[in-house]
Amino acid sequence: MQYLRPSFFIIGERKCGTSSLYRYLIAHPNVLPCALKEPNFFGKGAAYVTENISDYWKLFPLQSASDAIKFDWPELNEEGILYHEEVLVERAPEGNYITGEASVNTFYEVAPELVKQYLPNIKLILLFRNPIERAFSHHRMYQRFQEEGRDLGFEVNDFETDILKELAQIKNGDEGHYLSPSLYLRQLKAWQEVFGKEQIRVYFAEDLNDAVRAKLVLQDIQNYLGLPLFDFEEILKQRFNVAPKAKMNGKIKTSLRIFFQKHNQDLATYLGQKLPDSWDTF
């Protein structure tokens, strides 16, 4: 049996609106979904990938099939309740389709060389978000995981306690759970060294919150993936995996604005574009 090979891969970053972007893309009539919302296949290590690569290909639709595709979509609502939705994607017998996946731990946790080995021509997509808000949301996610009884391998405290600890760790040259993934530039350079700049598109989570800018993002992605233009207006009315609202302590936010100031400026210079207005660059 022959399976479609993925044409695109949303590799990160976590808590940046990647769930919404993936749902938007599979709403396109020429895009079929992966069987899992987030396989995180390459995050399981090189040995695992080598031994199980045939199982990875099977996550994608058969080339010759024409039946509608059903898959399970775990979703978090604004009340913080996790539920499961069955998503149905129609498929025409003679349709011209591509497929892809979104495993957003990949950008920070996976060596780009491993992905390149098996997906040399893949078109990579990145979403970045205000690094302070991203770290805050990431911390809240781990708080939920801890409350659910998951074994994280470390203790999650209040945001200020954990972030002050991480600021000291990073100053000493160590990595942190929440702040390090928000240091986008160093990882971006590593991925571009392996794949080249033409195989990576960078977008901003903030643009998905505005209908006009979101349409421009999706138009650019369609051009990037060689897709016919599609009107995403209806699906753009929805946001996916939205956590309950919370407010950050003002004092720690000021400390983080200072910490991220140069990182944000360097990222803007490297990309050759202005960052979203909501990013705290002073």
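Residues of the range 44-59 that are more than 22 Å from Gly95 (Cβ to Cβ) and crowded, with 17+ Cβ neighbours inside 10 Å: Val49, Tyr56.
Hey, can you tell me all the residues within the range 239-253 that are in a helix (DSSP H, G or I), surrounded by 13 or more Cβ atoms within 10 Å (Cβ to Cβ) and either of a type outside the set (A, V, I, L, M, F, W, C) or free of Cβ contacts under 8 Å to residues at least 12 places away in the same chain (or both)? Step through it out loud before you land on a result.
Keep residues of the range 239-253 that are in a helix (DSSP H, G or I), which gives 250-253.
Adding the requirement that they be surrounded by 13 or more Cβ atoms within 10 Å (Cβ to Cβ) leaves 252-253.
Selection gives Lys253 alone.
Tell me, which residue of the range 186-208 that is in contact (Cβ under 8 Å) with a residue 40 or more places away in the chain and over 19 Å from Lys123 (Cα atoms) is surrounded by the fewest Cβ atoms within 10 Å (Cβ to Cβ)? By that ranking, first place goes to Asp207. Taking the range 82-198 and the strands (runs of 3 or more DSSP E) fully enclosed by it, the elements with 2 or more residues that are within 25 Å of Leu59 (Cβ to Cβ) and modelled with pLDDT under 95 are at 82-89.
Please state which of the following conditions Ser20 fails to meet, knowing it meets all the rest: (1) within 14 Å of the chain's Cα centre (by Cα); (2) surrounded by fewer than 22 Cβ atoms within 10 Å (Cβ to Cβ); (3) farther than 16 Å from Leu218 by Cα. Tallying (1) within 14 Å of the chain's Cα centre (by Cα); (2) surrounded by fewer than 22 Cβ atoms within 10 Å (Cβ to Cβ); (3) farther than 16 Å from Leu218 by Cα, Ser20 fails exactly one: (3). Among the candidates Leu216, Leu236, Leu267, Leu256, the residue that is assigned to a helix (DSSP H, G or I) and surrounded by fewer than 15 Cβ atoms within 10 Å (Cβ to Cβ) is uniquely Leu216. Does Lys37 satisfy the condition of being in contact (Cβ under 8 Å) with a residue 60 or more places away in the chain, among the charged types (D, E, K, R) and on the phi > 0 side of the Ramachandran plot? It is false that Lys37 is in contact (Cβ under 8 Å) with a residue 60 or more places away in the chain, among the charged types (D, E, K, R) and on the phi > 0 side of the Ramachandran plot.
Regarding Lys171, is this residue surrounded by fewer than 17 Cβ atoms within 10 Å (Cβ to Cβ) and more than 17 Å from Glu13 (Cα to Cα)?
The answer is yes for Lys171.
Given the criteria over 22 Å from the mean Cα position of the chain (by Cα) and either of a type outside the set (A, V, I, L, M) or under 30 Å from Glu193 (Cβ atoms) (or both), does Lys116 qualify? The answer is no for Lys116.
The values are calculated or read from the model by the stated rules, or taken from the named source; none is laboratory data. For clarity, every value in this text was computed on a predicted model and none was experimentally measured. Because the Cβ atoms are built from the backbone with ideal geometry, glycine has one as well, and the counts that use them run over all protein chains shown.
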